[in-house]
Amino acid sequence: MNQPKCLPFPPAARFKRTEIQSIEFDGDLVIRIQAVGPSTLRVIFHNPVWFRVLDERDLCEFWDNYHEGNGWLYEVEQGGWLELEKKRPLFNSHVVVKGLREYLLVDDQCVSILTVEHPEIISD
């Protein structure tokens, strides 16, 4: 597998976040985040194809460059979960779903998301 290559998601850069408060799924994936100060954020992934939550210890290959010190929401260009799944012979989401992309939200519990749309970030 290739080394991870990620880009910080630019709309997330204006917010300094502290931690994930909750993760909800009802067709859309809504991740509530406590931001610096009294505000909270909702990061919404509309109609995600797949998502997973992993402890950060299981994603050590990302931590040299893609950690909270450099951002908290990244678009994964290579070396991520999607690339890993493509190695499975029966995985076909990348063929069936055109324009599939991957995002990684880093925290003690990290969230990987496979989706077609960019996430929406709303400050409450």
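State the number of residues belonging to the range 98-117 that are part of a loop (DSSP other than H, G, I, E, B) and surrounded by fewer than 14 Cβ atoms within 10 Å (Cβ to Cβ). Number of matching residues: 4.
So which residues in the range 85-97 are in a loop (DSSP other than H, G, I, E, B) and either open to solvent by less than 40 Å² (accessible area, probe 1.4 Å) or under 18 Å from L29 (Cα atoms) (or both), if there are any at all? Selection gives F91, V97. All but one of (1) buried (at least 17 other Cβ atoms within 10 Å of the Cβ); (2) modelled with pLDDT of 85 or more hold for F62; which doesn't? Every listed condition holds for F62 apart from (2). For residues that are open to solvent by 90 Å² or more (accessible area, probe 1.4 Å) and more than 17 Å from N70 (Cα to Cα), scanning just the range 1-15, find the one that is modelled with the highest pLDDT. This residue is Q3.
Per the conditions (1) in a loop (DSSP other than H, G, I, E, B); (2) at pLDDT 80 or above; (3) not acidic (D, E), the sole criterion not satisfied by R42 is (1).
Of all residue pairs spaced 6 or more apart or on separate chains, those with beta-carbon atoms under 8 Å, a first member in the range 16-34 that is at pLDDT 95 or above and open to solvent by less than 70 Å² (accessible area, probe 1.4 Å) and a second member that is not hydrophobic (A, V, I, L, M, F, W, C) and not in a strand (DSSP E or B) are G27/N47; D28/H46; D28/N47; D28/P48; L29/P48. Here L82 meets the list (1) open to solvent by 10 Å² or more (accessible area, probe 1.4 Å); (2) assigned to a strand (DSSP E or B) almost entirely, failing just condition (2). Sub-9 Å Cβ pairs linking a first residue in the range 95-114 that is touching a residue at least 40 places away in the same chain (Cβ under 8 Å) to a second residue that is among the hydroxyl-bearing types (S, T, Y) and part of a helix (DSSP H, G or I), at least 6 apart or interchain, are L100/S93; L114/S93, ordered by first then second residue.
The values are calculated or read from the model by the stated rules, or taken from the named source; none is laboratory data. Fair warning: this is a prediction, and the values are worked out from it, not measured in the lab. Don't worry about glycine lacking a Cβ; one is built from the backbone with ideal geometry, like all the others, and counts go over all protein chains shown. Remember, those area values only see protein heavy atoms, side chains included, never the ligands or the DNA or RNA. Shrake-Rupley method; radii C 1.70, N 1.55, O 1.52, S 1.80 Å.
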